[in-house]
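The values are calculated or read from the model by the stated rules, or taken from the named source; none is laboratory data. Only a predicted model underlies this, so the values are computations on that prediction, with no experimental measurement involved. Backbone-built Cβ (ideal geometry, glycine too); neighbour counts: all protein chains shown. In case anyone asks, the SASA skips ligands and DNA or RNA and just uses the protein heavy atoms, side chains included. Shrake-Rupley method; radii C 1.70, N 1.55, O 1.52, S 1.80 Å.
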Amino acid sequence: MSDPLDGDRAAASLPAPDDGERLAGALSALGVRPGDVLLVHASLRSLGPVAGGPGAALAALRRAVGREGTVVVPSFTPENSDTSPHYRARVRGLDAGAREAVRSSMPPFDPALTPAPSMGALAETVRTAVGARRSGHPQTSFAALGPRAAELLAGHRPDCHLGEDSPLARLYEADAGILLLGTGFDTCTAFHLGEYRRPGPPLRRYRCVVAPRGVRQWWEYEDVALDDGDFAALGAAFEESAGPGDVTTAPIGSAPCRRVRLRAAVDFATEWLTDHRQSGS
């Protein structure tokens, strides 16, 4: 992997983002520009203290992308599924009766109300902000703020987590950027679009709680088998071979951060996954 502070792929070292104005400046130095569409993954704890907390961080992001820019975040909800790793961890060691009690207590997905606690404070701040939009997938919804939010989140088919009928494909078409704030490539959701685009991706069954017409029920569907277990290795390979402007890196506060061209990341992921995963796995 190349030196993260080397050449035209990197910005200068930046100070701790102790206030929103400084954070906005740091984002601009990282390559965020007015009018950008950004898919943001953030660990604010890794960045260090920002006066005003997640709200100030979101304000800084919106200041950096300007009035014409749009901020998008994952607002996933593994908490309402019994086929998710989250559920398996929650019921590990429980007997059948206790597992059924957990299943019975799971509330159905409601795009207007269901929280996304595992996505982090910034994602929840976007989801709950005045004017935010959210896509309708009961497991892998996205939330967005900005003039292109409705366009980017429209048509998220409920049996397509992260493929051609999801916001990821719309972000690809929009030539969006990915912003990794204190997180690594192992959290890079856009790589999943590459899973759909590799030849013959394996499928699996998923199940979650929904409430069509207000009636709680379990819904089962088939989709691509998502696997992020090798995304850190995929990201390292992508960063090593990335072209000029595809990856910009710099520390912000206490954390390494990146701005990545989503199209370049997805195109690389499609080829890399095709080469590195066995057919049908």
_Paramagnetic reach from Arg277 (point 7 Å along Cα→Cβ, amide N under 13 Å) across the stretch 189-233_ = 190-204, 223-232
*Based on the Kirkwood radius over alpha-carbon pairs, what is the Stokes-Einstein translational diffusion coefficient of the stretch 160-281 at 37 °C with 0.692 mPa s viscosity, in µm²/s?*
210
*Between the stretch 166-191 and the stretch 85-157, what is the C-alpha centre distance in whole Å?*
18
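With viscosity set to 0.890 mPa s at 25 °C, what whole-number translational diffusion coefficient in µm²/s follows for the stretch 29-137 from Stokes-Einstein and a Kirkwood radius over Cα pairs? If you can, show how the numbers build up before the last one.
Working: Rh = 16.0 Å.
In µm²/s, the coefficient rounds to 154.
If Trp272, Trp219 are ordered by their accessible area, calculated over protein heavy atoms with a 1.4 Å probe, which sequence runs from highest to lowest? Don't skip to the end; give the middle numbers.
Working: Trp272 35, Trp219 70 Å².
Greatest to least solvent exposure: Trp219, Trp272.
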_Rolling a 1.4 angstrom probe over the protein chains, ignoring ligands and nucleic acids, what is the accessible area of Tyr221 in square angstrom, nearest 10?_
10
*asked:* Need one value: the accessible area of Asp175 in square angstrom, 1.4 angstrom probe, rounded to the nearest 10.
replied: 70
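Given a 1.4 Å probe and heavy atoms of the protein chains only, how would you sort Met106, Met119, largest accessible area at the top? List each step's numbers first, then the result.
Numbers: Met106 5, Met119 55 Å².
Ranking Met106, Met119 by accessible area, largest first, yields Met119, Met106.
Ignoring ligands, DNA and RNA, what percent of the 1.4 Å accessible area of the chain is carbon and sulfur? Before the final figure, lay out each step's value.
On the way: 6440 of 12340 Å².
Answer for the chain: carbon and sulfur cover 52 percent of the accessible area.
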*Can you pull the accessible area of His192 for me, 1.4 Å probe, Å² to the nearest 10?*
20
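Ordering Val209, Val130 by accessible area with a probe of 1.4 Å, largest first, what comes out? Before the final figure, lay out each step's value.
Values: Val209 0, Val130 140 Å².
Accessible-area ranking of Val209, Val130, largest first: Val130, Val209.
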_Once the Cα gyration tensor of the stretch 57-112 is diagonalised, semi-axes √(5λ) in Å_ = 38, 12, 8
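Quick check for me: using +1 on Lys/Arg Cβ and -1 on Asp/Glu Cβ, what's the dipole size of the stretch 123-181 about its Cα centre, in debye to the nearest 20? Can you show the working numbers first?
Details: 6 positive and 7 negative charges, 49 e Å.
In total the dipole reaches around 240 debye.
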*Mean residue ellipticity at 222 nm from the helices of the chain, using -39,500 (n - 2.57) per DSSP H segment of n ≥ 4 over the full residue count, to the nearest 500 deg cm²/dmol?*
-9500 deg cm²/dmol
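For the chain, give me the percentage of DSSP beta bridges that are antiparallel, rounded to the nearest 5 percent. Show your work: numbers first, answer last.
On the way: 26 of 35 bridges.
About 75 percent, rounded to the nearest 5.
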*Accessible area in square angstrom per residue, the stretch 91-203, 1.4 angstrom probe*: 40
_Need one number: convex hull volume per residue for the stretch 85-166, Cα atoms only, in Å³._
105
*Go from 0 up to the bin containing the longest alpha carbon distance in the stretch 84-230, width 10 Å each, and give me the % of pairs per bin.*
10, 36, 39, 14, 2
